[in-house]
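Worksheet: one structure, shown below.
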Amino acid sequence: MYTVTSVHWHSIHQNGTSYADGTSTVTQCPIAQNQSYLQSFSAQNQAGTYWYHSHYSVQYCDGLRGVLFYERCIARYHAEATVLRYIIGNVADFTLINGLGRYAGGPMSDLAVINVQQGKRYRMRLVSMSCDPNFLFSIDGHNMTVIEADGQLTDPLEVDQLQIFAGQRYSVVLVADQPTDNYWIRSLPDTAKPTTTNLHALINPSAPGVPEYGAADINLNLAVSIDNGIFSVNNVSFASPTVPVLLQILSGAQDASDLMPNGSVIILEANKVVELTLSTTGEYPEANCGAKPLFDAIQRKREGRGEITGRASKNGRPEVRASASR
Ligand SMILES: [Cu+2]
């Protein structure tokens, strides 16, 4: 494992605490060996299921990752089941649930066992710490009711299986209403495209402006593509800045247009309603790992190609999540 590191708190807004975001090479330099770095922040207005992970190279795939959740008062279940913390994989020979799993031809090692009491409802927090594949999660003989997605409460949606991508989180309520028995919990590595869901935010984030396509003050199209493993937005490839952004500011960058690298910064006027249309040509979700804009999703189109439109919200309230599918 590398000896430098940084720790990113996935999906935490870090409003006013960018220095604590932990995105090495973007906001800060990685933390050198034998050095320390204090990340202090408050997760205001954020409750739900989150996770943290190394933000240096693929170090999180080597194990620097964990679960973080903030509780809010919600009484739709009787108890919290064991957190499904480690649903991981890489080339997807096998999957771990809570750190345990087996692979074909391997030893008959322990599997994760989650005990439930008949007649009770359990909230399960699913966190995909995958490095690459998505997972098809299901529990034999049981449906689940999704109540949270990526830290946002949702209208309850009953499903028999859900697809969870790298970095995504869901809370599901399981009702233990079947005859006493053993039931398989399955988390099958998968490379299938994302599919459209009927999941809706429970709380209206009340973003400003007219909730129609093309009616914002600023309308931006962001075409996301991947070529040889390098992601691009509007044909500008991602490149780490040679100096992290916060250091550029400390070094005298006065204006957003001064920030490097060129083409990676879109300058917006303050207090405007901004509409983003994301279109994809690949079979991947956009894992929005860094600074998190707040969105109202106003349109989502999924036949033939991916396209998502989001409306930026300025009020800091929870938002609809938008993960791309095609
Ligand atoms: Cu992340």
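The values are calculated or read from the model by the stated rules, or taken from the named source; none is laboratory data. A quick note: this is a predicted structure, and the numbers were derived from the prediction, not measured. Glycine gets a Cβ as well: all are built from the backbone with ideal geometry, and neighbour counts include every protein chain shown. Accessible surface areas use protein heavy atoms only, side chains included; no ligands, DNA or RNA. Shrake-Rupley method; radii C 1.70, N 1.55, O 1.52, S 1.80 Å.
Name the residues in the stretch 41-59 that are open to solvent by 30 Å² or more (accessible area, probe 1.4 Å) and among the hydrophobic types (A, V, I, L, M, F, W, C), would you? Lay out the reasoning, then the answer.
As a first pass, look at the stretch 41-59 and keep what is open to solvent by 30 Å² or more (accessible area, probe 1.4 Å): 41-42, 44-45, 52, 55-58.
The answer is PHE41, VAL58.
Enumerate the pairs (first residue in the stretch 40-52 and closer than 10 Å to HIS13 by Cβ and in contact (Cβ under 8 Å) with a residue 12 or more places away in the chain; second residue anywhere and in a loop (DSSP other than H, G, I, E, B) and among the charged types (D, E, K, R)) with beta-carbon separation below 8 Å, excluding pairs fewer than 6 apart on the same chain, so at least 6 apart or on different chains.
ASN45/ARG317
Test ILE97 against the stated conditions and say whether it is at pLDDT 85 or above, of a type in the set (A, V, I, L, M, F, W, C) and surrounded by fewer than 21 Cβ atoms within 10 Å (Cβ to Cβ). Write out each step before concluding.
Details: at pLDDT 85 or above: yes; of a type in the set (A, V, I, L, M, F, W, C): yes; surrounded by fewer than 21 Cβ atoms within 10 Å (Cβ to Cβ): no.
Considered against the rule, which asks whether it is at pLDDT 85 or above, of a type in the set (A, V, I, L, M, F, W, C) and surrounded by fewer than 21 Cβ atoms within 10 Å (Cβ to Cβ), ILE97 comes out as no.
Show the residue pairs meeting these rules: Cβ distance below 7 Å; 6+ apart or different chains; first residue within the stretch 149-172 and over 20 Å from ILE185 (Cα atoms); second residue polar (S, T, N, Q) and open to solvent by 10 Å² or more (accessible area, probe 1.4 Å).
From the stretch 149-172, the pairs are ASP150/SER11; ASP150/GLN168; GLY151/SER11; GLY151/GLN46; PRO156/THR145.
What's the total number of residues in the stretch 268-284 that are polar (S, T, N, Q) and part of a loop (DSSP other than H, G, I, E, B)?
2
Find the residue count for the stretch 149-172, including only residues that are in a loop (DSSP other than H, G, I, E, B) and more than 16 Å from the ligand (Cβ to nearest atom).
2
Within the stretch 173-267, which strands (runs of 3 or more DSSP E) (wholly inside it) include 1 or more residues that are hydrophobic (A, V, I, L, M, F, W, C), touching a residue at least 60 places away in the same chain (Cβ under 8 Å) and open to solvent by less than 60 Å² (accessible area, probe 1.4 Å)? Explain how you work it out, then say what you get.
Details: elements: 185-190, 218-227, 230-233.
Of the strands (runs of 3 or more DSSP E) lying wholly inside the stretch 173-267, those with at least 1 residues that are hydrophobic (A, V, I, L, M, F, W, C), touching a residue at least 60 places away in the same chain (Cβ under 8 Å) and open to solvent by less than 60 Å² (accessible area, probe 1.4 Å) span 185-190, 218-227.
Here's a check for you: in the stretch 1-40, which residue that is under 19 Å from the mean Cα position of the chain (by Cα) and open to solvent by 40 Å² or more (accessible area, probe 1.4 Å) is nearest to the ligand (Cβ to nearest atom)?
So the residue we want is TRP9.
I need the full set of residues from the stretch 131-147 which are assigned to a loop (DSSP other than H, G, I, E, B) and under 26 Å from LEU202 (Cβ atoms), in order please.
Our first condition is that a residue be assigned to a loop (DSSP other than H, G, I, E, B); within the stretch 131-147, this holds for 131-133, 140-141, 143.
Scanning the stretch 131-147 gives a single hit, ASN143.
On the given criteria, is PHE231 within 27 Å of TYR122 (Cβ to Cβ) and within 16 Å of the ligand (Cβ to nearest atom)?
Against the criterion (within 27 Å of TYR122 (Cβ to Cβ) and within 16 Å of the ligand (Cβ to nearest atom)), PHE231 does not qualify.
When the stretch 47-67 is examined, which residues are found to be in a loop (DSSP other than H, G, I, E, B) and either within 9 Å of the ligand (Cβ to nearest atom) or more than 14 Å from GLY167 (Cβ to Cβ) (or both)? Full working, then the answer.
Filtering the stretch 47-67 for residues in a loop (DSSP other than H, G, I, E, B) gives 47, 55-58, 63-64.
Residues satisfying the conditions are ALA47, HIS55, TYR56, SER57, GLY63, LEU64.
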